[in-house]
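Sharing a structure with you now.
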Amino acid sequence: MPQHHATAPRGAESAPKSIFLEGRFGRMFRNLPSFEPDENLLETVAGQMLEPPDVGTSGEKEGDEELDGPIPAGFTYVGQFIDHDITFDPVSSLQRLNDPDGLHDFRTPRFDLDALYGDGPNNNPFLYDPDVDGGKTTFLVGKNRNGEDDLPRNVVPDAPNGLPQGRALIGDPRNDENVIVGQLHLLFLKFHNKVVEHVRAEMPTLDGDDLFEEAQRRVRWHYQWIVVHDFLERIVGPDIIGNILFPDTFKVLGGQEVLIPRVHLQFYRWQHQPFMPVEFSVAAYRFGHSMIRPDYFLNGQTPEIPIFSPGDLGDEHQDLRGFRPLASQWTIDWSFFFESGDGANLQRARRIDTLLADPLREVPATNEPHALAERNLKRGAKLGLPSGQRVARAMAIERLTDDELGLTAISEEFTESAPLWFYILREADNRAGGASLGPVGGRIVAEVLLGLLKGDAFSYISVEPNWQPTLGSSAGRFTMADLVLFTLGQGEPPEPEPQPQPWQG
């Protein structure tokens, strides 16, 4: 399921030694020495980073209630969807050959839903549904062989009834790599289409490109609000966000004071355009691997479905791997993933800690080490990431002790030095009880995501910083549950409970 997350994006390997001041990748802490322990030691560490496997015939996990955290399971895949958005790569195969390191000629990372929109209806018309007047303002929605909504897919020309061949026709093919993120992409397609209806009713004089662009702006800004106030607040906690995103006060003519929210960054800096820090992409943002459950209920009709099953896929959909038409009765009921119902069906993501779901010991269809933890640890060392302790000292944050990290029992090489990804997961467990990231990991993730909004001249923070959402169940609020309600009319989202933060940022 997380194949693309497990490999380094093109260009990342050049970032630590890059002489360029611009580029797709860079470092937040350029002056810190790298930590590159022996690969055999990293394999030993990775071998200890697994949950207990299934026990008994019921498929329940030993101590299951302690493995789950407070965050609804859908946010694991919102995180994946966000990752694909900010690492969207439209470069052609020819340019890839001419630019193997990927240091130049990339679009600046933004929360602009390019993975959804591609290059727009004029350049990617195959994504869009022609209107009656010939314009293209809404997305195409596909069907599986049973007539259930699916991503639009190419079809086998000679097959009876034009059966889908499997590959999704979407802006970013990575959003079809597993069933859950694929249906999340489908949800956003439908969200855009619903917003088009809303704008057309509100502003009937708009049509064609003008209608599309107004709907697109509203979709993007509501999505950006979700990133900050629903996803990020759960992942890092409101205290860290409040320490980065807070109002500036200034006086206008007449002496009236005006408050405008501004993003204040301490560690994530750039000269001209935002870049993607490897400390974020290769370590901190991989916290989501710890949140993956071994299996999921998609709705009330299907049994729990594993993320991976042994061997190659047959005709039956025995696991949640993607790149194929949606199986019958696999339409997601989002009340199983977000707080869009009464909570009776809601699944929770795993706690953020150093334990990964047992199926991640053997990720299928990869050319690198099959164990996801081993791959992440080796990738961090190869890219010359600093140790977690070094980063904590650079941020003036109290660091974890060797006893808290528990790695010196493996080797003295880990004295005062832990791989950054491992450190961030252990910090989340020790400092936040697995309910969120801790102060080091949380600060890196929050600064990068909020920094990307700051660096985007078209984000709501830049264009209209006091803007608030209008499509939610109440004024000034918009969550993933609200998006489900607005788009599909499924349930009434309850007020989210505040998440306790047992640590000080």
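The values are calculated or read from the model by the stated rules, or taken from the named source; none is laboratory data. The shown structure was predicted, so the numbers you read here are calculated from the model rather than taken from an experiment. In this analysis, Cβ positions are derived from the backbone assuming ideal geometry, glycine residues included, and neighbour counts consider all displayed protein chains.
Could you check the range 103-132 and list, in sequence order, the residues that are within 20 Å of Phe191 (Cβ to Cβ), in a loop (DSSP other than H, G, I, E, B) and modelled with pLDDT of 85 or more?
Arg110, Phe111, Asp112, Leu113, Gly118, Asp119, Gly120, Pro121, Asn124
Note down all Cβ pairs under 6 Å where the first residue falls in the range 323-336 and is hydroxyl-bearing (Ser, Thr, Tyr), the second is assigned to a loop (DSSP other than H, G, I, E, B), and they're at least six residues apart or on different chains.
Close Cβ pairs (under 6 Å, with a partner that is assigned to a loop (DSSP other than H, G, I, E, B)) amount to Ser328/Asn146; Thr331/Glu148; Ser335/Gly341; Ser335/Asn345; Ser335/Gly491.
Could you tell me whether the range 203-216 includes any residue that is more than 23 Å from Asp112 (Cα to Cα), of a type in the set (Ser, Thr, Tyr) and touching a strand residue (DSSP E or B) at 6+ places or on another chain (Cβ under 8 Å)?
Within the range 203-216, none of the residues are more than 23 Å from Asp112 (Cα to Cα), of a type in the set (Ser, Thr, Tyr) and touching a strand residue (DSSP E or B) at 6+ places or on another chain (Cβ under 8 Å).
If you don't mind, there's one more thing I want to ask. Looking at Gly182, Gly171, Gly242, Gly208, which one is on the phi > 0 side of the Ramachandran plot and of a type outside the set (A, V, I, L, M)?
It is Gly208.
Within the range 199-210, restricting attention to residues that are part of a helix (DSSP H, G or I) and out of contact with any helix residue (DSSP H, G or I) (no Cβ under 6 Å at 6 or more places or on another chain), which residue is surrounded by the most Cβ atoms within 10 Å (Cβ to Cβ)?
Filtering the range 199-210 for residues that are part of a helix (DSSP H, G or I) and out of contact with any helix residue (DSSP H, G or I) (no Cβ under 6 Å at 6 or more places or on another chain), the one surrounded by the most Cβ atoms within 10 Å (Cβ to Cβ) comes out as Arg200.
Between residues in the range 392-412 that are over 20 Å from Tyr268 (Cα atoms) and part of a helix (DSSP H, G or I) and residues that are modelled with pLDDT under 95 and among the polar types (S, T, N, Q), which pairs lie under 6 Å by C-beta distance while being six or more apart or on different chains?
none
Matching residues to (1) modelled with pLDDT of 95 or more; (2) out of contact with any strand residue (DSSP E or B) (no Cβ under 6 Å at 6 or more places or on another chain); (3) within 22 Å of Gln266 (Cβ to Cβ):
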site	(1), (2), (3)
Leu21	no, yes, yes
Met28	yes, no, yes
Pro33	yes, yes, yes
Glu36	yes, yes, no
Asp54	no, yes, no
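Residue-by-condition table, conditions (1) in contact with a Ser or Thr (Cβ under 8 Å, 6 or more places away or on another chain); (2) farther than 30 Å from Arg30 by Cα:
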residue: Tyr223; (1), (2): no, yes
residue: Asn243; (1), (2): no, no
residue: Leu253; (1), (2): no, yes
residue: Leu259; (1), (2): yes, yes
residue: Arg262; (1), (2): no, no
residue: Tyr268; (1), (2): no, no
residue: Val282; (1), (2): no, no
residue: Gly288; (1), (2): yes, no
residue: Pro306; (1), (2): no, yes
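Within the range 402-424, is even one residue over 30 Å from Thr302 (Cα atoms), surrounded by fewer than 21 Cβ atoms within 10 Å (Cβ to Cβ), modelled with pLDDT of 95 or more and among the aliphatic types (A, V, I, L, M)?
So far as the range 402-424 goes, yes, one or more of its residues are over 30 Å from Thr302 (Cα atoms), surrounded by fewer than 21 Cβ atoms within 10 Å (Cβ to Cβ), modelled with pLDDT of 95 or more and among the aliphatic types (A, V, I, L, M).
Cβ-Cβ under 9 Å, sequence separation 6+ or interchain: first residue in the range 445-464 and more than 13 Å from Gln266 (Cβ to Cβ) and in contact (Cβ under 8 Å) with a residue 12 or more places away in the chain, partner in a loop (DSSP other than H, G, I, E, B) and of a type in the set (Asp, Glu). Which pairs?
Asp456/Asp112; Phe458/Asp112; Ser459/Asp112
Sort out which residues of the range 232-264 are among the acidic types (Asp, Glu) and under 13 Å from Arg443 (Cα atoms), and write them in order of number.
Across the range 232-264, the qualifying residues are Glu233, Asp239.
For Gln301, are the conditions met, namely being assigned to a loop (DSSP other than H, G, I, E, B), loosely packed, with under 15 Cβ neighbours inside 10 Å and free of Cβ contacts under 8 Å to residues at least 40 places away in the same chain?
Judged against the criteria, Gln301 is a match.
For the range 242-262, does any single residue satisfy the condition of being in a helix (DSSP H, G or I) and aliphatic (A, V, I, L, M)?
Looking through the range 242-262, at least one residue is in a helix (DSSP H, G or I) and aliphatic (A, V, I, L, M).
May I ask you to say which residue of Met276, Met291 is crowded, with 22+ Cβ neighbours inside 10 Å, under 17 Å from the mean Cα position of the chain (by Cα), under 22 Å from Val484 (Cβ atoms) and not acidic (Asp, Glu)?
None of the other options fit; the residue is Met291.
Also: Going through the range 73-102 one residue at a time, which ones are modelled with pLDDT of 50 or more, outside any loop (DSSP other than H, G, I, E, B) and not polar (S, T, N, Q)?
Gly74, Phe75, Tyr77, Val78, Gly79, Phe81, Ile82, Asp83, His84, Asp85, Ile86
Quick check: anything in the range 430-444 more than 13 Å from Phe35 (Cβ to Cβ), among the charged types (D, E, K, R), in contact with a Leu (Cβ under 6 Å, 6 or more places away or on another chain) and touching a residue at least 60 places away in the same chain (Cβ under 8 Å)?
no
If a residue must be among the small types (Gly, Ala, Ser) and surrounded by 22 or more Cβ atoms within 10 Å (Cβ to Cβ), how many such residues does the range 339-370 contain?
3
Now, a different point. Counting only residues that are among the hydroxyl-bearing types (Ser, Thr, Tyr) and within 16 Å of Ile180 (Cβ to Cβ), which one in the range 271-327 is modelled with the lowest pLDDT?
Once the filter is applied, the top-ranked residue is Ser309.
What tally of residues in the range 390-404 results from selecting those that are within 14 Å of Ala428 (Cα to Cα) and touching a Ser or Thr at 6+ places or on another chain (Cβ under 9 Å)?
0
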